[in-house]
Amino acid sequence: HRRSGRLFQGPYQSITIRDPEYFYILIRYINLNHAELVESKWKEHRIRDRDRLEKFINSYIWSAHLDFLGVRHSCLIDRAVTSRLLEVDFDEHGMSEYPEFIEAWFKEDFDYIKKYTLEK
């Protein structure tokens, strides 16, 4: 598919997660990273069409976002482990307060996450 990057070539980097806030940042980052496909500047709070973006992220099947919402029940997500790690309810109805968790993400300044990611 004419793609390259850390996932497909060369060494990868792993980082130990010790800070719960970092873990939450990673969940949101990973579950919503596909938003770039329709809104390339969303991380800079430059969203042209919020309705289109929400429709896209809530229908994109290649993300765990739908599992966290409780819309899908993938066998790749271990709800018991996730509940224990995050200290929240995560069951067949998704992660408790996940929609509010995601809404807060859209309102936050994204610059602080740069210390946690490889993106610049």
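Of the residues making up the range 80-89, those that are free of Cβ contacts under 8 Å to residues at least 40 places away in the same chain and surrounded by 11 or more Cβ atoms within 10 Å (Cβ to Cβ) are 82, 83, 84, 88, 89.
List the number of the failed condition for residue 113; all other conditions in (1) surrounded by fewer than 17 Cβ atoms within 10 Å (Cβ to Cβ); (2) modelled with pLDDT under 85 hold. Going through (1) surrounded by fewer than 17 Cβ atoms within 10 Å (Cβ to Cβ); (2) modelled with pLDDT under 85 one by one, residue 113 breaks only (1). Take residue 9 and decide whether it is open to solvent by 90 Å² or more (accessible area, probe 1.4 Å) and in contact (Cβ under 8 Å) with a residue 24 or more places away in the chain. No; evaluated as a whole, the condition is false for this residue. When residues in the range 54-68 are screened for being under 17 Å from residue 103 (Cβ atoms) and out of contact with any helix residue (DSSP H, G or I) (no Cβ under 6 Å at 6 or more places or on another chain), 5 of them pass.
The values are calculated or read from the model by the stated rules, or taken from the named source; none is laboratory data. Keep in mind that this is a model prediction, so the values were computed, not measured. Neighbour counts run over all protein chains shown; Cβ positions are idealised from the backbone, glycine included. Side chains included, ligands, DNA and RNA excluded: accessible areas come from the protein's heavy atoms. Shrake-Rupley method; radii C 1.70, N 1.55, O 1.52, S 1.80 Å.
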